[in-house]
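The values are calculated or read from the model by the stated rules, or taken from the named source; none is laboratory data. Computed from a prediction, not measured in an experiment: that's the story for all the values here. Note that we place each Cβ from the backbone using ideal geometry, even for glycine, and neighbour counts take in every protein chain shown. These area figures cover heavy atoms from the full protein model, side chains too; ligands, DNA and RNA do not enter into them. Shrake-Rupley method; radii C 1.70, N 1.55, O 1.52, S 1.80 Å.
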Amino acid sequence: MTIQTREVEYFDGDTRLVGFLAWDDARTVPMPGVLIAHMWGGREAFVCDKAVALAELGYAGFALDLYGDARTGSGPEENARLMQPFLDDRTLLQRRMILSWETMRRQSMVDPAQTAAIGYCFGGLCVLDLARTGTEVGGVVSFHGLLKPPGNTAGNPIKAKVLVLHGHDDPMVPVEDVVALETELTEAGCDWQVHVYGHTLHAFTNPKANDPAFGTVYNPDADRRSWIEMRNFLDELFNARSTTPP
């Protein structure tokens, strides 16, 4: 196994975006591609490490860049400033997500017919919006993501399979938001799953999260369990594994 990485430059108009691509060059190509949407802090090492971890599983991992020039925030105040324009303009968010997905599909080691997207926190919202647009991505996984709908996708069929991994005690995503998402996905004809982890707050996969007052706390059990669920989801998605009990 030899994991290769490189940055991939792409553009939204005059905005230069810089993704991070990882793949195992010992694997048969083309291989399934998994897009990774970052947290509010931008394309940090966290999502690049996830791209490498996905490459070790046999996928091409592509950590996208929503903010441009792989810009990252220095802390909560700057992170919020970087993220807010995309929450205010979900059409912009969706355009950047589709552009990132299309860029990943064009990479020589990626099978364009076998793609998925995963996202963390803000990125969890982003991958759900990618699915909400009706894009032909095979499946999306939201880790402790924000769930509120964008307001411009109502009535769209959701073709992607959806897996939501959520902390029950997440103060940023109340139970009502989870129920509303389940209703939305059902009405859109989506094949969906929601896994809820008890005694678990926001950002449960992030080892640096340790702010109970803000509601962001790392939970190693939920981190481990959610990664296993994602692996099972991708395995079923790409390998058409039978789910019929023995």
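Is there a residue in region 129-152 that is more than 20 Å from A188 (Cα to Cα), at pLDDT 95 or above and β-branched (V, I, T)? No, region 129-152 has no match at all.
Residues in region 185-200 that are touching a Phe, Trp or Tyr at 6+ places or on another chain (Cβ under 9 Å) and under 13 Å from D170 (Cβ atoms): 1 in all.
Would you mind stating whether E44 is out of contact with any strand residue (DSSP E or B) (no Cβ under 7 Å at 6 or more places or on another chain), of a type in the set (D, E), at negative phi and modelled with pLDDT of 95 or more? No; evaluated as a whole, the condition is false for this residue. Of all the criteria given as (1) out of contact with any helix residue (DSSP H, G or I) (no Cβ under 7 Å at 6 or more places or on another chain); (2) part of a loop (DSSP other than H, G, I, E, B); (3) surrounded by 24 or more Cβ atoms within 10 Å (Cβ to Cβ), the one not satisfied by G145 is (1).
Considering only residues of region 100-112 that are part of a loop (DSSP other than H, G, I, E, B) and open to solvent by 30 Å² or more (accessible area, probe 1.4 Å), which is nearest to F11 (Cα to Cα)? Can you show your working first?
Here is the first cut: in region 100-112, the ones part of a loop (DSSP other than H, G, I, E, B) are 106-109.
Checking the rest, the ones that are also open to solvent by 30 Å² or more (accessible area, probe 1.4 Å) come to 106, 108.
Working: R106: 14, S108: 18 Å.
The extreme case among them is R106.
State all residues of region 165-200 that are of a type in the set (S, T, Y) and without any contact (Cβ under 8 Å) to a residue 24 or more places away in the chain; if no residue qualifies, say none. T183, T186 - these are the residues of region 165-200 that are of a type in the set (S, T, Y) and without any contact (Cβ under 8 Å) to a residue 24 or more places away in the chain.
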